[in-house]
Amino acid sequence: MKPETLNQSPIRIAFVIPTLDQSGAEKQLSLLASGLSTEKYEPLVIALNRGGPYAKTLREADIPVKILNKRLRFDPVAHRRLSATLDEFNPDIVHSWLFSANSHVRLLKKSRTKWKCIVSERCVDSWKSGWQLWLDRKLMPRTDALIANSNSVAEFYAKFGLPPQSLHIINNGISIPQALCEEQGRQRRNEWLGKWSLPADAFIIGFAGRLAPQKQLKTLLWAAHLLKIADARIHAVFAGNGPERGDLQELAKSYEVDSHVRFIGHQSNINQFHRQCDAFWLASEYEGQSNSLMEAMAHGVPVVVSEIPANLELVTSEETGLTVPLGDSAAFAKQIRRLLNDSELSQKLAQQGRRFIQENRSIESMIQKHDQLYQTLLSRSP
């Protein structure tokens, strides 16, 4: 029966994820777990591999976190620890996130298991190898619901044999930051520019995310080269770390744009970073639903993005941002110059992008939709 009264016990829900690092899926899990009604839900968060910044965030919200210290790709010890933890917690729902956690949880789901199995997929996972895709298909019958964070991800996983009624789209939730007063904003910008040795008149193009091949950052570096030739005020700042950082720094030197490019690493205060951007660009080859793109839009930063389905769910060209063909450095450079030279266009895109996020990607809506799904699943007969 569906729990509705205060006399009934809270729904026990175990969230399982590989790590609690400061990344997109981990952030959404943290927002969800800490935002659910404490009268209706009793959450436990389980990290298979390790904790991270969001472990502290969750514990500060009085949500218990258990770390299983998984060491190997196929780690039978961690698998047994997960099984024992779930047996002890006795959940009504187990909600896992990302491939490793989704696989471990579904392998534990048996026909007589009482808990409902929900998996969250966050990306168009074209990176998966053959055995991973095979395992996803094999385990679909053990899945009570699959949550995709965009239409693109839903379409990708619809091919895996899950009944349509078990596939749900719940978009990521993003907070809308408060704007700073003009004087305070100017002071912080001057401090930030000084910190990274950037000139006072710099036009900052921002990127935030993992420095990985899927982000097509080499496309942006060549665009930065073209922009440097066109207007020396333009500087590109890349926030984040990843396997390509060293190669990208060397490439910036070979393109002779290292004086106009900064790699500033992971930023614990991403709001501060977005506030300094005059534009934001994203050249990704594939995405699920980019948190960094939505955060930039929420800050009122005009955006230029590659024309891939996930980005086009957020950005309507000439309305909530600008779009360019995948891999087209010259088109990126051209659109950035439009934003620099047309303040009216830039302001319009910034305002309409912020409004779109506020109306369509709120944290409250994300939490409410999860709550509705949980209630619906528990109201069904086993």
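The values are calculated or read from the model by the stated rules, or taken from the named source; none is laboratory data. No experiment lies behind these values; they were computed from the predicted model shown. Using ideal geometry, Cβ is built from the backbone for each residue, glycine included, and neighbour counts are taken over all protein chains shown.
Within the stretch 229-264, if we keep just the residues that are in contact with a strand residue (DSSP E or B) (Cβ under 7 Å, 6 or more places away or on another chain) and of a type outside the set (A, V, I, L, M, F, W, C), the residue that is farthest from Pro177 (Cα to Cα) turns out to be Gln249.
Checked against the criterion of being in contact (Cβ under 8 Å) with a residue 12 or more places away in the chain and more than 24 Å from the chain's Cα centre (by Cα), the candidates Leu221, Leu167, Leu198, Leu217 yield just one match: Leu198.
So is Trp97 closer than 16 Å to Pro18 by Cα, crowded, with 21+ Cβ neighbours inside 10 Å and touching a residue at least 24 places away in the same chain (Cβ under 8 Å) or not? Yes: the conditions hold for Trp97. Among the residues making up the stretch 226-241, those that are touching a residue at least 60 places away in the same chain (Cβ under 8 Å) and buried (at least 17 other Cβ atoms within 10 Å of the Cβ) are Leu226, Leu227, Ile234. Checking each residue in the stretch 272-293 for being of a type outside the set (Gly, Ala, Ser), in contact with a helix residue (DSSP H, G or I) (Cβ under 8 Å, 6 or more places away or on another chain) and closer than 15 Å to Ala239 by Cβ picks out Gln272, His274, Arg275, Gln276, Cys277, Asp278, Phe280, Trp281, Leu282, Asn291, Leu293. Within the option set Leu345, Leu349, Leu340, being over 30 Å from Leu36 (Cα atoms), at pLDDT 95 or above, under 23 Å from the mean Cα position of the chain (by Cα) and surrounded by 14 or more Cβ atoms within 10 Å (Cβ to Cβ) holds for one residue only, Leu349. Considering only the stretch 352-382, how many residues are small (Gly, Ala, Ser) and crowded, with 19+ Cβ neighbours inside 10 Å? Number of matching residues: 1. Flag not set for Phe280, criterion: in a helix (DSSP H, G or I), within 18 Å of the chain's Cα centre (by Cα) and crowded, with 19+ Cβ neighbours inside 10 Å.
Take the stretch 242-289 and flag every residue that is touching a residue at least 12 places away in the same chain (Cβ under 8 Å), basic (Lys, Arg) and either closer than 20 Å to Ala202 by Cβ or touching a His at 6+ places or on another chain (Cβ under 7 Å) (or both). Result: Arg262, Arg275. Going by the structure shown, is Tyr41 touching a strand residue (DSSP E or B) at 6+ places or on another chain (Cβ under 8 Å), touching a residue at least 24 places away in the same chain (Cβ under 8 Å) and buried (at least 17 other Cβ atoms within 10 Å of the Cβ)? Yes, satisfied. Would you be able to say whether some residue in the stretch 57-74 is closer than 21 Å to Ser292 by Cα and out of contact with any strand residue (DSSP E or B) (no Cβ under 8 Å at 6 or more places or on another chain)? Yes, that holds for at least one residue. Filtered by the rule that a residue be modelled with pLDDT of 95 or more and β-branched (Val, Ile, Thr), the stretch 263-276 gives a lone residue, Ile264. Of all the numbered requirements in (1) touching a Cys at 6+ places or on another chain (Cβ under 8 Å); (2) modelled with pLDDT of 95 or more, Ala279 misses one, and that requirement is (1).
Selection of the stretch 38-78 for residues being more than 23 Å from Asn269 (Cβ to Cβ) and of a type in the set (Phe, Trp, Tyr) yields Tyr41, Phe74. So, Leu108, is that one modelled with pLDDT of 95 or more, more than 18 Å from Asp21 (Cα to Cα) and in contact with a His (Cβ under 9 Å, 6 or more places away or on another chain) or not? Spelling it out, Leu108 is indeed modelled with pLDDT of 95 or more, more than 18 Å from Asp21 (Cα to Cα) and in contact with a His (Cβ under 9 Å, 6 or more places away or on another chain).
Check whether at least one residue in the stretch 314-327 is within 18 Å of the chain's Cα centre (by Cα), under 27 Å from Leu31 (Cβ atoms) and in contact (Cβ under 8 Å) with a residue 40 or more places away in the chain, and report yes or no. The answer is yes, given that some residue of the stretch 314-327 is within 18 Å of the chain's Cα centre (by Cα), under 27 Å from Leu31 (Cβ atoms) and in contact (Cβ under 8 Å) with a residue 40 or more places away in the chain.
Filtered by the rule that a residue be over 28 Å from Pro141 (Cβ atoms), modelled with pLDDT of 90 or more and of a type in the set (Val, Ile, Thr), the stretch 157-189 gives a lone residue, Ile174.
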